[in-house]
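Report on one structure; see the data block that follows.
The values are calculated or read from the model by the stated rules, or taken from the named source; none is laboratory data. For clarity, every value in this text was computed on a predicted model and none was experimentally measured. Backbone-built Cβ (ideal geometry, glycine too); neighbour counts: all protein chains shown. Only protein heavy atoms, including side chains, enter the accessible area calculation; ligands, DNA and RNA are left aside. Shrake-Rupley method; radii C 1.70, N 1.55, O 1.52, S 1.80 Å.
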Amino acid sequence: MNRKKDLWLIIIVCIFQFSCKNNADIPDHHVGLRLELQGKKYEKLVLFTQYPVKEFEPWAAKEFEGITSDGYHWLFIVPDSINQLTDGYNIKVRPFDFQNNRDTLLTFTTKEFPDGKKVKGITLEKKETILRGTYRTKDSESFADVDMGYLLVDTFVMSPTLIYDIYNLEIKEKTEKRSDIELALLYPDFSTFKKEENYDKKLQEWATLVKQYPDSKYFLRQFVDQSTGYKNKNDMKLVFDNFSPYLKNTDTGKSVEVFLLKKIIPVDHIDTLQLRNSKTNRLEPVVSDPSKPTLIVFSASWCGPCHKLIPTLKEIYAEYASSLNMVYISTDKEESVTAWKELMEKEQIPWRSLLAEDKTDGLYEKYAIKGIPFSMIIYKNKETEIYPGNKDELHRLLSDMTGKK
């Protein structure tokens, strides 16, 4: 009898210890995500993020494995040092399904959004973020950029199917402080300015919201992504000044402060711009032959996805070289220009390569470039069109434009 009692006591203690794991305190200099799910159980979840390590180098990716006692309640812990570098996270099911080339992610919506609007990425607040959700349905889509690699932690996969487990998120009462993911659901258009809306009224609304939620990484990320909607830097400053010192000290915050203080050399129009050829060191026009359309591709030596695009660009060049100009514009800074030149030599790039140099910021501002690779076409009438984003669409567009089927 005593042996049975002892055995039951051991079992109870083990269960208690295991169940306490995801009730653990979050260590100093770390942030935590507590996830409370209903309706679906998981064996392994991770918190995935990408973040910059060094300038001119590809971003790093990392997964933080969740702690759970029952498959429904999860705790993820991330060092402050990483959280300050990243703009957001995805909750992913592991392991990745290599056999079917599928990645499963948890996303969140609310009962108020029957049209399927959902938030795929989340941000973590300064110490602890708590999310409670009930399983709603499953959805899927193909990875948007079929020609680009989809980053896991230490490798790329091509064109995976993304499976979404969609959860209804519990939204707090208005009197409570909202989490970042709630703000993303409630204010999907934050920092945008629509033509039919009063600009000054919206500007004050955005500034007031940031003052109310100064630690919101979602607001900061939206502020950066939608920065081209602001009329001038003073208007941007009116909103940005309300963010907390904590967010201003992140990499993103520091970049914004540098931008707001920096004098940008304006670019009138790219078809009249002259840049230095990376091979000859001579200035030459971006559009070298106005009688043909010009495909411009912004790239850099440190950009991994840009390198993945090279085979596709070579195919396009081989097929359309007689009816289309192609030119690279490198956004490399002085420190990495040598690496860019070596890349051009190694890949034996047959089209021209120009250096943006001190015109980089002006080009980014003029054409609302959020990241690279970024491509655009300049037609013979000087009108511009953004590259459609995948090989098949670009081939269709070029075929229509050049008359070559």
| said: Among the numbered criteria (1) within 15 Å of His269 (Cβ to Cβ); (2) free of Cβ contacts under 8 Å to residues at least 60 places away in the same chain; (3) open to solvent by less than 40 Å² (accessible area, probe 1.4 Å), which one does Asn381 miss? | reply: (3)
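Give the residue, chosen from Lys263, Lys233, Lys217, that is of a type in the set (D, E, K, R) and open to solvent by less than 20 Å² (accessible area, probe 1.4 Å). Let's see the steps before the verdict.
Working: Lys263 fails: open to solvent by less than 20 Å² (accessible area, probe 1.4 Å); Lys233 fails: open to solvent by less than 20 Å² (accessible area, probe 1.4 Å).
Result of the check over Lys263, Lys233, Lys217: Lys217.
With respect to Leu151, is the statement that it is open to solvent by less than 60 Å² (accessible area, probe 1.4 Å) and modelled with pLDDT under 85 true?
Details: open to solvent by less than 60 Å² (accessible area, probe 1.4 Å): yes; modelled with pLDDT under 85: yes.
The answer is yes for Leu151.
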| request: Could you tell me which numbered condition Ile372 fails, if it satisfies all but one of (1) in contact with a Cys (Cβ under 9 Å, 6 or more places away or on another chain); (2) at pLDDT below 75? | output: (2)
| note | Asp332: passes all of (1) closer than 14 Å to Ser301 by Cα; (2) modelled with pLDDT under 85 but (2)
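Quick one: which strands (runs of 3 or more DSSP E) lie wholly within segment 35-138 and hold at least 2 residues that are in contact with a Lys or Arg (Cβ under 9 Å, 6 or more places away or on another chain), on the phi < 0 side of the Ramachandran plot and charged (D, E, K, R)? Please lay out each step first, then the result.
On the way: elements: 45-51, 60-65, 73-79, 90-93, 102-109.
The strands (runs of 3 or more DSSP E) meeting that bar are 60-65.
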| said: Would you confirm whether or not segment 19-34 contains a residue that is modelled with pLDDT under 95, of a type in the set (A, V, I, L, M) and in contact with a helix residue (DSSP H, G or I) (Cβ under 8 Å, 6 or more places away or on another chain)? | reply: yes
| Which numbered condition trips up Pro266, out of (1) under 26 Å from Ser179 (Cα atoms); (2) in contact (Cβ under 8 Å) with a residue 40 or more places away in the chain; (3) out of contact with any Ser or Thr (no Cβ under 6 Å at 6 or more places or on another chain)? | (1)
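Whether any residue in segment 95-115 is at pLDDT below 85 and closer than 30 Å to Ser255 by Cβ is what I want to check. Spell out the reasoning first.
From segment 95-115, those at pLDDT below 85 are 110-115; that's our starting set.
Restricting the remaining residues to those that are closer than 30 Å to Ser255 by Cβ gives none.
So far as segment 95-115 goes, no, none of its residues is at pLDDT below 85 and closer than 30 Å to Ser255 by Cβ.
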| Verdict on Tyr167 being touching a strand residue (DSSP E or B) at 6+ places or on another chain (Cβ under 7 Å) and either part of a loop (DSSP other than H, G, I, E, B) or among the hydroxyl-bearing types (Ser, Thr, Tyr) (or both) | yes
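Scan Ser288, Ser301 and give me the residue that is among the polar types (S, T, N, Q), over 30 Å from Trp59 (Cβ atoms) and in contact (Cβ under 8 Å) with a residue 40 or more places away in the chain. Break it down stepwise before answering.
Numbers: Ser301 fails: over 30 Å from Trp59 (Cβ atoms).
After ruling out the rest, the residue left standing is Ser288.
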| Which pairs have Cβ atoms under 7 Å, sit 6 or more apart or on different chains, and link a residue in segment 240-262 that is of a type in the set (D, E, K, R) to one that is open to solvent by 60 Å² or more (accessible area, probe 1.4 Å) and part of a helix (DSSP H, G or I)? | Lys248/Glu257
| Within segment 266-280, considering residues that are part of a loop (DSSP other than H, G, I, E, B) and open to solvent by 80 Å² or more (accessible area, probe 1.4 Å), the one nearest to Asp361 (Cα to Cα) | Pro266
| message | Of the conditions (1) in contact with a helix residue (DSSP H, G or I) (Cβ under 7 Å, 6 or more places away or on another chain); (2) without any contact (Cβ under 8 Å) to a residue 40 or more places away in the chain; (3) at positive phi, Gln348 satisfies every one except a single condition; which number is it? | response | (1)
| note | Matching residues in segment 338-376 (in contact with a strand residue (DSSP E or B) (Cβ under 7 Å, 6 or more places away or on another chain), within 30 Å of Thr192 (Cα to Cα) and crowded, with 20+ Cβ neighbours inside 10 Å) number 5
